[in-house]
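This report concerns only the one structure given below.
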Ligand SMILES: [Fe+2]
Ligand SMILES: [Fe+2]
């Protein structure tokens, strides 16, 4: 049976691949800045705009109907980590124009925010896959999963800043092949 948690875990596979690309770029003297801009755009529209939106707008609220709290416990921790992730992305994005304008110290800030994001999301995905989603599987019925999958499908078919979910996944795979991950 296809489940809502499996759907979210499939997104995680692509996001984890993107994190590996980020780790390969961190520390290089002369990065291809267009790749970092590409990564920010993929995070904004796919990792956050689609995946975190499915969790925050559909999955987590649905869990409250099955006894979970949004304000304490694992879901609250996950929500807080999404917010922390957005701060790292802002830190990457804000330093790109500075670096392009010749401010070499901006590159260190880009890298520290990329490392912070990769570390945070890696742990976050581990907690979702191993703890929260398994708790959810115990609480959700087969028809709950079906209802959620319909909502997820609507989100996946929506326009994501002019691109589709498949196009973002393809862009992650292209970056992965460039960096040999
Ligand atoms: Fe999450
Ligand atoms: Fe997730």
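The values are calculated or read from the model by the stated rules, or taken from the named source; none is laboratory data. These figures come from a predicted structure and were not determined experimentally. Positions of Cβ are backbone-derived with ideal geometry, glycine not excepted, and every protein chain shown enters the neighbour counts.
Quick rundown of the values:
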| item | result |
| --- | --- |
| Contacts under 6 angstrom Cβ, first residue in the range 8-34 being under 16 Å from residue 105 (Cβ atoms), partner more than 11 Å from ligand 2 (Cβ to nearest atom) and part of a helix (DSSP H, G or I), 6 or more apart | 26/111; 26/114; 26/115; 31/25 |
| Helices (runs of 4 or more DSSP H) lying entirely in the range 1-96 (those with 2 or more residues that are within 16 Å of the chain's Cα centre (by Cα)) | 4-25, 33-42 |
| Inter-residue pairs, beta-carbon under 9 Å, first within 20 Å of residue 171 (Cα to Cα) and more than 12 Å from ligand 2 (Cβ to nearest atom) and in the range 45-69, second part of a loop (DSSP other than H, G, I, E, B) and modelled with pLDDT under 95, 6+ apart | 45/161; 45/162; 49/161 |
| Any hit, the range 162-171, residues being over 30 Å from residue 70 (Cβ atoms) and assigned to a loop (DSSP other than H, G, I, E, B) | yes |
| For residue 113: the one exception among (1) under 18 Å from residue 52 (Cβ atoms); (2) within 16 Å of ligand 1 (Cβ to nearest atom) | (2) |
| Any hit, the range 128-141, residues being surrounded by 17 or more Cβ atoms within 10 Å (Cβ to Cβ), more than 14 Å from ligand 2 (Cβ to nearest atom), in contact (Cβ under 8 Å) with a residue 60 or more places away in the chain and outside any helix (DSSP H, G or I) | yes |
| Those residues of the range 97-122 which are assigned to a helix (DSSP H, G or I) and without any contact (Cβ under 8 Å) to a residue 40 or more places away in the chain, in sequence order | 97, 98, 105, 106, 108, 109, 112, 113, 116, 119, 120 |
| Check on residue 26, crowded, with 20+ Cβ neighbours inside 10 Å and over 17 Å from residue 154 (Cβ atoms) | no |
| Qualifying residues in the range 1-23 (those that are more than 15 Å from ligand 2 (Cβ to nearest atom) and surrounded by 15 or more Cβ atoms within 10 Å (Cβ to Cβ)) - the one farthest from residue 170 (Cα to Cα) | 23 |
